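Have a look at the structure below before the remarks.
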Amino acid sequence: MGGAAAALLAEEALGLIGRLVLEETPPFFPLDPPRGPAERPGRAPGFDLTVIEATDAQLNDPDPAWRGRFAAIATPTLVVAGGRAGHVDQKTPAWMASRIPDARLVTIGAGHLVHTDRPEQFLSALGEFGIGRTHGSGRLPSLPSLPSLPSDQVPSASAATERAQR
């Protein structure tokens, strides 16, 4: 869902993002068939179930305006498809790339986690896109750590779930 969030940010905050990479980004079309309610495990899950519920609600009934604003993305964009093994219908990345003005599409037959399952091919695609490697190491530069928010300041996913259910 990170790619979807980045695309939405690029649509709204023109000029904020220098280059955009959308890797196996889920479509902004309603799922067919829709996902049913998330099953609640008998014990505490290792994840926030309200995030799953909010995500499923958005995937089942996304705002159609999201996909209508792809033309507003004013930054060079690399759309990475994972091929037939991916979770995303492979027509979708091509559709997205055709609607973003400065986008190119690359397909790396890796499935959903392209960067994990085919790291060299993924890094090569980034390099060709203008995001370079450092010192011939084959690795991207490490990013500085971001400060953590105290847990009482982290936004609640339940508010997103409530909005999605309205």
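A few remarks follow.
- Note on segment 95-122: residues that are assigned to a helix (DSSP H, G or I), surrounded by 15 or more Cβ atoms within 10 Å (Cβ to Cβ) and under 16 Å from the mean Cα position of the chain (by Cα) total 6.
- Qualifying residue in segment 40-51 (condition: crowded, with 19+ Cβ neighbours inside 10 Å and either in contact with a helix residue (DSSP H, G or I) (Cβ under 6 Å, 6 or more places away or on another chain) or hydrophobic (A, V, I, L, M, F, W, C) (or both)): no
- Summed over segment 67-94, residues that are part of a helix (DSSP H, G or I), closer than 18 Å to ASP32 by Cβ and touching a residue at least 60 places away in the same chain (Cβ under 8 Å) total 2.
- Subset tally (residues that are surrounded by fewer than 18 Cβ atoms within 10 Å (Cβ to Cβ), in contact (Cβ under 8 Å) with a residue 40 or more places away in the chain and not in a loop (DSSP other than H, G, I, E, B)) for segment 1-10: 1
- Against the numbered list (1) hydrophobic (A, V, I, L, M, F, W, C); (2) more than 21 Å from GLY132 (Cα to Cα); (3) out of contact with any helix residue (DSSP H, G or I) (no Cβ under 9 Å at 6 or more places or on another chain), MET1 comes up short only at (3).
- Which numbered condition HIS87 misses (of (1) surrounded by 14 or more Cβ atoms within 10 Å (Cβ to Cβ); (2) within 14 Å of the chain's Cα centre (by Cα); (3) over 13 Å from LEU22 (Cα atoms)): (1)
- Single residue of ASP89, ASP32 found to be at pLDDT below 90, farther than 30 Å from SER124 by Cβ and out of contact with any Asp or Glu (no Cβ under 6 Å at 6 or more places or on another chain): ASP32
- Selection count where residues are closer than 30 Å to THR107 by Cα and either touching a Ser or Thr at 6+ places or on another chain (Cβ under 8 Å) or in contact (Cβ under 8 Å) with a residue 40 or more places away in the chain (or both), scope segment 30-52: 1
- Pairs where the first residue, in segment 11-29, is free of Cβ contacts under 8 Å to residues at least 40 places away in the same chain and the second is outside any strand (DSSP E or B) and of a type in the set (A, V, I, L, M), C-beta under 8 Å, 6+ apart: LEU16/LEU9; LEU16/ALA10; PHE28/ALA4
The values are calculated or read from the model by the stated rules, or taken from the named source; none is laboratory data. Bear in mind the structure is a predicted one, so any value in this text is a computation, not a measurement. When we count neighbours, we look across all protein chains shown, and the Cβ atoms used for this are built from the backbone with ideal geometry, even at glycine.
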